[in-house]
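Trainee: One structure, pasted below without further comment.
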Amino acid sequence: MEVIKSTLIFSSLLLTVFAQKPVVSVEPRSVTVKQDEAVSIRCRVTSGSQPVQLEWKRPNNQPLADNVKVGPDGSVLTVASARPGNQGQYRCIATNAHGKGTAMATLTVKQPPNVRVTPASQVKVKVGGVTSLQCHVSGKPRPSITWFKQEVGRELVLVSTTTGTSLTAKVTVTAPQDGGTFVCRAQNKDGTSEEKVELKVEGGASVAIEPKASIQQTDMTAVEGQTVTLHCQATGFPTPVITWSKLRAPLPWQHKSVGGTLTLNNVGRQDSGQYICNATNSAGFSEAYVQMEVDTPPYATTIPDRVTARRGDSMRVQCIAHGSHPISFHWTRVGGAAMSLGAKITKEGMLTITQLKVSDSGEYKCVATNYIGSSETVTTVMVRE
């Protein structure tokens with residue numbers, strides 16, 4: 001009787017172990033993708049009696065979108081070219097003869113900003129009128145919104161927000177120059193989008209306004225070999241034309257001028273000087289100035305570069321360096337020998353040795369140094385009996 005009872009218990013345990021409903025897991029459980037990217041989620045059966053059938057469903061049994069596909073064995077769900085409507089939960093359901101097991105995955109689709117402006121493309125306003133430019137945006141995370149007017153060499157910010165999904169810019173037209181290109185820009189960490197509106201002014205006299213050129217950085221220092229960019233802005237009506245020139249010299253041959261920006265490549269000391277921004281329209285002209293200095297590393301020479309003397313004589317050698325000051329000088333003997341006890345060195349680079357000895361013969365090195373770099377030169381000394 002005990003044997004029969006034990007056999008029944010063992011059989012019950014076997015049924016409990018081998019006759020289980022399925023247990024499943026999904027990987028990844030949570031995933032974030034950018035719009036138009038592809039992503040796959042895998043469903044794994046970790047335990048349960050075979051055979052197990054797998055299927056994927058959305059909450060409330062919503063149908064899968066047309067860009068969502070499930071692999072032949074039902075384990076892999078793939079979203080091709082993700083879009084905002086794909087965002088949400090996906091449930092993997094595993095079914096066998098003993099029941100069902102489920103696991104949930106969450107998909108988040110990042111949305112770069114989308115911008116829509118009204119009125120679109122172009123709006124006409126008479127002098128003395130007021131118009132409202134509206135900008136509506138979408139995106140996730142919520143984008144910042146900025147209205148600005150494009151001007152020569154800069155963007156004039158009118159209004160901005162980081163909390164709303166729409167923004168209105170009110171423009172009061174008092175003169176023809178109040179027209180132009182207005183831009184709504186939306187930006188989040190996943191991208192930037194913008195739309196433009198052309199505001200055309202009708203009626204009223206087109207009064208020309210003299211240009212006014214301006215440069216923010218009027219003094220600048222560059223290092224030899226660098227690329228330097230100079231920026232000039234100008235106001236006026238009609239829109240001024242900006243040109244660049246250099247005082248009492250032509251512009252460097254390696255230059256590029258686009259709008260109000262002058263770019264100088266591989267500058268040298270000869271490029272130092274005053275640069276002039278000239279803004280011109282039918283009402284007149286205006287100038288702005290920037291003074292640029294190009295610093296250079298030292299270039300050292302010695303005078304003389306060879307000394308021949310007799311024992312007991314004195315010698316003087318001057319180390320000279322061309323380059324940006326301040327420049328420091330340092331004399332040593334080539335090979336590491338010590339300087340003569342009678343040697344004196346000035347801060348201007350003069351080396352003097354009195355009562356020369358034959359042992360003072362050899363090469364003497366002068367190193368000239370400034371904040372950019374250093375240069376060295378050698379003088380040969382020959383002392384005879």
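The values are calculated or read from the model by the stated rules, or taken from the named source; none is laboratory data. Keep in mind that this is a model prediction, so the values were computed, not measured. Virtual Cβ from ideal backbone geometry, glycine too; neighbours counted across all protein chains shown. Ligands, DNA and RNA are excluded from the accessible area calculation, which covers all protein heavy atoms including side chains. Shrake-Rupley method; radii C 1.70, N 1.55, O 1.52, S 1.80 Å.
Trainee: Place a point 7 Å from Cα of L247 in the direction of its Cβ. Which residues in the range 292-306 have their backbone N less than 13 Å from it?
Mentor: Those under the cut-off are 292-293.
Trainee: Work out from phi, with θ = phi - 60° and the Karplus expression 6.51 cos²θ - 1.76 cosθ + 1.60, the ³J(HN,Hα) of each residue of the range 150-160, listed in order in whole Hz, and give x for Gly and Pro.
Mentor: 7, 10, 4, x, 7, 10, 8, 6, 9, 7, 8
Trainee: Leaving ligands, DNA and RNA out of it, report the carbon-plus-sulfur percent of the accessible area of the range 236-385 at a 1.4 Å probe.
Mentor: Solvent-exposed carbon and sulfur of the range 236-385 make up 54 percent of the total.
Trainee: Classify the chain as rounded, prolate or oblate, taking a ≥ b ≥ c as the square roots of the eigenvalues of its Cα gyration tensor: rounded when a/c is under 1.5, otherwise prolate if a/b is larger than b/c and oblate if not.
Mentor: Here the chain falls in the oblate category.
Trainee: For the range 23-117, with all protein chains present and a 1.4 Å probe, just round the carbon and sulfur fraction of the accessible area to a whole percent.
Mentor: 46
Trainee: Does the range 326-376 classify as rounded, prolate or oblate by the C-alpha gyration tensor (a ≥ b ≥ c root eigenvalues; a/c under 1.5 gives rounded; else a/b over b/c gives prolate, otherwise oblate)?
Mentor: It is oblate, given that a/c is not under 1.5 and a/b is not larger than b/c.
Trainee: Quick one: length gained pulling T346 to Q53 fully straight, 0.36 nm per residue minus the C-alpha distance?
Mentor: Numbers: separation 293, 0.36 × 293 = 105.48 nm, distance 9.34 nm.
Answer, rounded to one decimal: 96.1 nm.
Trainee: With a probe of 1.4 Å, find how much accessible area the chain has per residue, and write the answer as a whole number in Å².
Mentor: Accessible surface, normalised per residue, equals 58 Å².
Trainee: Work out from phi, with θ = phi - 60° and the Karplus expression 6.51 cos²θ - 1.76 cosθ + 1.60, the ³J(HN,Hα) of each residue of the range 94-109, listed in order in whole Hz, and give x for Gly and Pro.
Mentor: 10, 10, 9, 5, 10, x, 10, x, 10, 8, 10, 10, 10, 10, 10, 10
Trainee: If contacts are Cα pairs under 8 angstrom and at least 6 residues apart, what is the relative contact order of the chain in percent?
Mentor: Details: 969 pairs, mean separation 38.8, N = 385.
Computed over the chain, the figure is 10 percent.
Trainee: What residues qualify as long-range amide H neighbours of G129, i.e. H under 5 Å apart, gap of 5 or more or another chain, H built at 1.01 Å from N?
Mentor: Residues meeting the criterion, in which the H sits 1.01 Å from N, are V173.
Trainee: Using the alpha-carbon atoms, what tilt in degrees (0 to 90, nearest 10) does helix 2-18 show relative to the longest principal axis of the chain?
Mentor: Roughly 50 degrees between the two axes.
Trainee: What are the lysines whose alpha-carbon lies under 23 Å from the alpha-carbon of K365, with same-chain residues fewer than 8 places away excluded?
Mentor: K344, K347, K357
Trainee: Identify, among W147, T162, V123, the residue whose Cα sits farthest towards the positive end of the charge dipole of the range 120-173, taking +1 on the Cβ of Lys and Arg and -1 on the Cβ of Asp and Glu, with the dipole about the Cα centre.
Mentor: Looking along the dipole axis, the top candidate is V123.
Trainee: Once a ≥ b ≥ c are taken as the square roots of the eigenvalues of the Cα gyration tensor of the range 175-288, is the result rounded (a/c under 1.5), prolate (a/b larger than b/c) or oblate (a/b not larger than b/c)?
Mentor: oblate
Trainee: What distance in nm lies between label points placed 7 Å from Cα along the C-beta direction at Q150 and K100?
Mentor: Here the modelled spin labels are 5.7 nm apart.
Trainee: At what distance in angstrom do the alpha carbon centres of the range 221-250 and the range 103-171 lie from each other?
Mentor: If we compute the Cα centre of each part, the gap is 33 Å.
Trainee: Given K149/K246; K149/K200; K170/K196, which pairs have Cα atoms separated by over 24 Å?
Mentor: Long pairs (Cα-Cα over 24 Å): K149/K246.
Trainee: Could I ask something else about it? Out of residues 5 or more away from G48 or on other chains, whose amide H comes under 5 Å of its own, with H placed 1.01 Å from N in the peptide plane?
Mentor: HN-HN under 5 Å from G48: V23.
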